[in-house]
Amino acid sequence: MKQLPVFDPHVIYEDNHLIAINKPSGWLSQGDETGDMTAADWVKKYIKKKYNKPGDVWLGIVHRLDRPVSGVLLFARTSKAASRMTELFKKNEIKKTYWAITEERPDPLEGTLKGLLLRDQESRKSKIYFKESNRSKGAKLVELSYQFLAEHGAHKLIIVKPKTGRTHQIRAQFSAEGMPIRGDIKYGFGSYNKDRSIHLHSRKLEFIHPVKKEPISILAKITKRDQIWQLFRHLE
């Protein structure tokens, strides 16, 4: 089902080595077969215009978010920063915090989820297994911690901190626990959101700057255009 039009990203962190945006739901992180405008394309145009750069702008892809997910999306502006940030992500030395909205309250309210994630390239869907078997052959270990934060009617807000960084990890793990993320039809929620978003937001990235060696914390606010996210605006 085709993604509906969305508003533009905006820059939330920038220096000579790195740049981060608050990616709206609906934007691709990088190009795919659709040929749609991507967050990377937008950042290149932003840099070219702001700094009056001639020719093509180089941008390093070090981080990705699924198309229906919003929030902090980080890029590198230099090859040195790109290689070092890629290594930090591989070593899970980036502290990632997400906000998720579900209709089910987690039980217990705070804890850790572990499993084995297997990616099906044909369906582009990830599946969680809880023990090794012939069916889970090739699956990768995934782990996250979560904490119930607040609720408003049927909507439960949960803080999620993934310790591993596999494709669709949070979406698949929450689905396997019987609490799919709101709007996430692919992973078992009952209906689409009108704009085809899902209520999963990359809230914060924390890491040691790859060049400056200083602690960096990048925070992305929830969108004002979504009534359900705005139920929790007082927590920002």
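³J(HN,Hα) across the stretch 183-194 via Karplus (A = 6.51, B = -1.76, C = 1.60, θ = phi - 60°), whole Hz, x for Gly/Pro?
With coefficients 6.51, -1.76 and 1.60, one gets x, 8, 3, 4, 10, x, 6, x, 8, 6, 6, 4 Hz.
Charges only on Cβ, +1 for Lys and Arg, -1 for Asp and Glu: so what's the dipole of the chain about the Cα centre, in debye to the nearest 20?
520
Which whole-number percentage describes the relative contact order of the chain, with Cα contacts under 8 Å and a sequence gap of 6 or more?
Reported relative contact order: 20 percent.
Kindly flag which residue pairs out of Lys50/Lys221; Lys91/Lys204; Lys140/Lys161; Lys163/Lys224 have an alpha-carbon separation exceeding 26 Å in this structure.
Over 26 Å apart, Cα to Cα: Lys163/Lys224.
Enumerate the whole-percent occupancy of each 5 Å bin, from 0 to the last occupied one, for all C-alpha pair distances of the chain.
1, 6, 13, 18, 19, 17, 13, 8, 3, 1, 0, 0
Gain in length, Asp41 to Glu103, computed as 0.36 nm per residue apart minus the alpha-carbon separation, to one decimal in nm?
Stretched out fully, the Asp41 to Glu103 stretch lengthens by 18.8 nm.
Ranked by Cβ crowding within 10 angstrom, fewest neighbours first, how are Thr86, Thr112, Thr97 ordered?
Thr112, Thr86, Thr97
Starting from the Cα of His234, step 7 Å along the direction of its Cβ; do the same at Ser217; then give the gap between the two resulting points in nm.
2.3
Would you list the P(r) distribution for the stretch 1-64, with all Cα-Cα distances sorted into 10 Å bins from 0 and each bin expressed as a whole %?
That works out to 18, 55, 24, 3, in percent per bin.
What chymotrypsin sites (Phe, Trp or Tyr not before Pro) in the stretch 1-76 are in a loop by DSSP, with at most 15 other Cβ atoms within 10 Å of the Cβ?
Here the chymotrypsin sites (Phe, Trp or Tyr not before Pro) that fit, given the DSSP loop and packing criteria, are Phe7, Tyr51, Trp58.
If we count every other residue with Cβ under 13 angstrom of Arg225's Cβ, Lys/Arg +1 and Asp/Glu -1, where does the sum land?
Taking every Cβ under 13 Å from that of Arg225, the sum is +1.
Return the aspartates and glutamates within reach of Lys114: Cα separation strictly under 18 angstrom, same-chain partners fewer than 8 residues apart disregarded; answer none if there are no such residues.
Within reach: Glu132, Glu143, Glu177.
If you line up the long axis of helix 79-90 against the longest principal axis of the chain, both from Cα atoms, how many degrees apart are they, to the nearest 10?
Tilt of helix 79-90: around 10 degrees.
Give the average over all directions of the projected area of the C-alpha convex hull of the stretch 134-233, one decimal, in nm².
So the Cα hull casts an average projection of 8.8 nm².
Of Thr223, Ile158, Phe89, which is farthest along the charge dipole of the chain in the positive direction, counting Lys and Arg as +1 and Asp and Glu as -1 at C-beta?
Final value for the positive-end residue is Phe89.
Using only alpha carbon positions, build the gyration tensor of the stretch 71-134, then give the equivalent ellipsoid semi-axes as the square roots of 5 times its eigenvalues, largest first, whole angstrom.
Semi-axes (√(5λ), whole Å): 29, 19, 13.
Working out 0.36 nm times the residue gap between Asn52 and Lys140, then minus their Cα-Cα distance, what length gain in nm do you get to one decimal?
Gain in length upon complete extension: 27.3 nm.
Can you tell me the equivalent ellipsoid semi-axes for the stretch 119-165? Use √(5λ) from the Cα gyration tensor, largest first, whole Å.
After scaling each eigenvalue by five and taking roots: 29, 14, 10 Å.
No value in this document is a laboratory result; all are computed from the given coordinates. None of the values given here were measured: they were computed from a predicted structure. Counting neighbours? That spans all protein chains shown, and the Cβs are built from the backbone with ideal geometry, glycine included.
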